[in-house]
Structure formats: structure tokens, C-alpha cells
Amino acid sequence: MEELFPGVFTRKGNIFTKNLIPGEKVYGEKLVSEEGIEYRQWDLFRSKLSASLKNGLEVMPIKEGSTVLYLGAAEGTTISHVSDIVGPTGLIFGVDVSARVMRKFIGISEQRENVVPIIADANKPWTYKDYLEGKTIDVLFQDVAQQNQAQIFLKNAEYFLKTGAAGMLVIKAKSISQDSNVANVFSKEIAKLSESFTPKQIVNLKPFEKDHVMVHCEKL
Ligand SMILES: C[S@@+](CC[C@H](N)C(=O)[O-])C[C@H]1O[C@@H](n2cnc3c(N)ncnc32)[C@H](O)[C@@H]1O
């Protein structure tokens, strides 16, 4: 196992995290033990964060001890790996609007003490700001596949991010426009961020996700 970033490992082209709850799988992923340490294989087709790591993300802002606000938690597939990375000293607030998809995620949060599920609409950060009171958010991560993706991201950044904090935004072109020129859709959406963020890197997620990019940016 080779360490790609602190808490993120690679072997034979696959990506892994150290299992915070040894012996437990979250979504049927493969468990691999090496020198007494158990790792969980991070499915590249089921997580845009692992796809961006595979496709050359140069800086990984999520690390041990990070506090992360994660919008679009869904069933918690990606969050479970983020939970492995931030470890017991980190914290993840996972927001999703759908109580149905959150059911599985709530089960995960019962096992993983560094995960806090919040059922809320990310368009309305004021409805969950009390949960985050007194916390400094190191990373705002968003994967909501909505038409107003940049707007939701900017709104949450305004509420919760200090200057220098990291942003990681997944842009899904087809949720924004049916324009066949997806490069155009990406650049228009990224331009909207410029009032509050400096873009650091844009990683295309193909072949794992079609017409998606991950934008790593820094709050101004
Ligand atoms: C593509 S899925 C996220 C997958 C997840 N990030 C992962 O990798 O495991 C998008 C999620 O965003 C949620 N979502 C959509 N609009 C939202 C909103 N306004 N507020 C919060 N969550 C929203 C959906 O319910 C859905 O679960």
C-alpha cells in the first residue's frame, strides 16, 4: 500500500482508506489487510471524490482532524471514506434533503461517531446553522446534482467558510443545461464562483462519471 495523501492509499491502481471500524463494510466494498491494518477499497464509479483522486487531484484538502460540511450526503457512500480519512479527531456534517436516502446514512452515523447527519435543504443554510455553531469548517464539499449548484455552494460558503478554507464542488453539467458543449457549461458555472473563491484545480471525472468535474477552490 502506498500513501497517496495522508489517509488515502493506492495499490495496483485502486484507491483505499484505512477502515475506521475494522471488519465492517459500508456498501459491499472490498476489505484488504496489510501488515495488520485493514483498508476499504474506494469504488471509483461510486464516489466522485475517489474518481478525482484517481484522475490527479493535486491537493487533498480533507485530512486527519478536518471538519467537513458535506452537502448531498445521500446514503453516505463517499462520507464513509471521508470518515476514515478525518478519523476520530475530525467531524463531518452530512446534509441531504431526502429522508429516504438518509436512512442508510443515519445507520452509518450510529457506527461512526465522527459523522453527524442533517436532513435539510442545502438551499437554506440558516435551517442547519445551529448544528455548526462554534465549529470552524475546513472544507465545504458539495455533490447535489441540482440546476443551481454554484448558487447553493456560494450560499453555504457565505454562512460557514472563513477566508482560506477549502471548497470542493462537483459540477454535473446535465443538471444545469442540455447544452451539448459541456465545456461551456463548466466554465460558466465556475465563473460564478469567482466572486467568493479562487479556483485551484478542475478535474474531469471521466471515465468514472460522464460530464462531471470536481472543482477544488479556496475561499477568498
Ligand atoms: C449524486 S447524489 C450524492 C452522492 C454522494 N455524494 C456520494 O458520493 O455518496 C446527490 C444527492 O443530493 C441530494 N440533494 C439534492 N438537492 C439537495 C438539496 N437542495 N439539499 C440537500 N441535498 C440535496 C439528493 O437527495 C441526493 O441524495
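The values are calculated or read from the model by the stated rules, or taken from the named source; none is laboratory data. This is a predicted model, so every value here is computed, not measured. Counting neighbours? That spans all protein chains shown, and the Cβs are built from the backbone with ideal geometry, glycine included. Protein only, heavy atoms only, side chains kept; ligands, DNA and RNA dropped before computing areas. Shrake-Rupley method; radii C 1.70, N 1.55, O 1.52, S 1.80 Å.
Can you name the residue in the range 12-25 that is surrounded by fewer than 14 Cβ atoms within 10 Å (Cβ to Cβ) and within 23 Å of Leu205 (Cα to Cα) and is also nearest to the chain's Cα centre (by Cα) among such residues?
Checked the range 12-25; the qualifying residue nearest to the chain's Cα centre (by Cα) is Gly13.
Candidates in the range 92-135 are the residues that are in contact (Cβ under 8 Å) with a residue 40 or more places away in the chain and basic (Lys, Arg); of these, the one that is farthest from Asn148 (Cα to Cα) is Arg112.
Test Ala166 against the stated conditions and say whether it is of a type in the set (A, V, I, L, M, F, W, C) and without any contact (Cβ under 8 Å) to a residue 40 or more places away in the chain.
On the way: of a type in the set (A, V, I, L, M, F, W, C): yes; without any contact (Cβ under 8 Å) to a residue 40 or more places away in the chain: no.
Criteria not met by Ala166.
Being free of Cβ contacts under 8 Å to residues at least 60 places away in the same chain, within 19 Å of Gly72 (Cα to Cα), in contact with a strand residue (DSSP E or B) (Cβ under 9 Å, 6 or more places away or on another chain) and open to solvent by less than 50 Å² (accessible area, probe 1.4 Å) is a condition met by at least one residue of the range 199-214. Check whether at least one residue in the range 27-43 is closer than 22 Å to Asp143 by Cα and aliphatic (A, V, I, L, M), and report yes or no. Taking every residue of the range 27-43 in turn, none turns out to be closer than 22 Å to Asp143 by Cα and aliphatic (A, V, I, L, M).
Identify the residue in the range 97-109 that is over 18 Å from Leu69 (Cβ atoms) and more than 9 Å from the ligand (Cβ to nearest atom) and, among all such residues, is least open to solvent (accessible area, probe 1.4 Å). Only one residue fits best here, namely Gly107.
The set of residues in the range 110-120 that are loosely packed, with under 13 Cβ neighbours inside 10 Å and in a loop (DSSP other than H, G, I, E, B) contains only Glu113.
Of the residues examined, Ala150 is not one that is aliphatic (A, V, I, L, M), touching a strand residue (DSSP E or B) at 6+ places or on another chain (Cβ under 9 Å), touching a residue at least 12 places away in the same chain (Cβ under 8 Å) and more than 30 Å from Asp179 (Cα to Cα). Within the range 144-167, identify whether any single residue is under 22 Å from Phe16 (Cα atoms), more than 10 Å from the ligand (Cβ to nearest atom), open to solvent by 10 Å² or more (accessible area, probe 1.4 Å) and in a loop (DSSP other than H, G, I, E, B), and answer yes or no. Checking the range 144-167: not a single residue is under 22 Å from Phe16 (Cα atoms), more than 10 Å from the ligand (Cβ to nearest atom), open to solvent by 10 Å² or more (accessible area, probe 1.4 Å) and in a loop (DSSP other than H, G, I, E, B). If you check Thr10, Thr89 for being of a type in the set (Ser, Thr, Tyr) and free of Cβ contacts under 8 Å to residues at least 24 places away in the same chain, only one passes: Thr10. Out of the range 121-147, which residues are in contact with a strand residue (DSSP E or B) (Cβ under 7 Å, 6 or more places away or on another chain), under 29 Å from Gln178 (Cα atoms) and modelled with pLDDT of 95 or more? The answer is Ala122, Leu140, Phe141, Gln142, Asp143, Val144.
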